[in-house]
Amino acid sequence: MTKKPTQPAPWYEIVLATLKANEVKLVVYVPDKVFTPLIKAIHADPYFIAFTATREEEAIGIVTGAWMGGMRGAVLMQTSGFGTLPNALASLVVPSQIPALIFVSERGTLGEFNLGQALVCRTMRPVLDSIGIETHTITRYDELEFIVDRSIKQAVATQAPVTFILSPLLTGGKVFQH
């Protein structure tokens, strides 16, 4: 009798488990279709404290305050939301050495119809590079856990933020109606 191959865990379950393994308890997010399964899984797990923010820079401020109070936190947003963040990152997070964990569901590429998403997608990485924030664009399922786990450890150890850009190649992206 042959065993059926086991299906690997979905990407969002890997992110959830990796956050938990690294004692990231707070998750603040601006609602996003791509992150919906992760957001639902976080809310279903009593380990996490999770809630929505009205804007991305508000979420960054909350995570910054949480770190100063002794709690690790992450922010979830989509690409266009990043457009509001450069000032908060450059004037608060980077100089205060806050290991903010920023997860971005990448839009603006691979068939995107929304010009705003595409423009922010083109500028997001250069902006992050210019203010010295490490970024990882994750496209491959087999690298997800390793990159997220090691980067969280490094962010905490060096007290520096990190941004995870989750490609549609990993998440399946947003499904567009024809």
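Quick check on the exposure proxy: order Met77, Met71 from fewest to most C-beta atoms within 10 angstrom.
Values: Met77 24, Met71 14.
Final ranking by Cβ density, sparse to dense: Met71, Met77.
In terms of other Cβ atoms within 10 Å, Asp149, Asp32, Asp142, Asp129 run from fewest to most in the order Asp142, Asp129, Asp149, Asp32.
Only sites in a loop by DSSP and with at most 15 other Cβ atoms within 10 Å count here; which trypsin sites (Lys or Arg not before Pro) in region 1-76 make the cut?
Lys3, Lys33, Arg55
The mean sequence distance of close C-alpha pairs (under 8 Å, at least 6 residues apart), as a share of the length of region 12-171, puts its relative contact order at 24 percent.
Extension gain, His43 to Arg140, is 32.4 nm, computed as 0.36 nm per intervening residue step minus the present C-alpha separation.
Lysine pair count for the chain (Cα-Cα distance under 24 Å; residues 8 or more apart in sequence or on different chains): 8.
Among His43, His136, which comes first, second and so on when ranked by fewest other beta-carbon atoms within 10 Å? Walk me through the numbers before you get to the answer.
Numbers: His43 12, His136 16.
By the 10 Å Cβ count, ascending: His43, His136.
None of the figures in this text is laboratory data; all of them are computed from the coordinates on show. If you're wondering where the values come from, they're calculated on a predicted model, not measured in any experiment. Because the Cβ atoms are built from the backbone with ideal geometry, glycine has one as well, and the counts that use them run over all protein chains shown.
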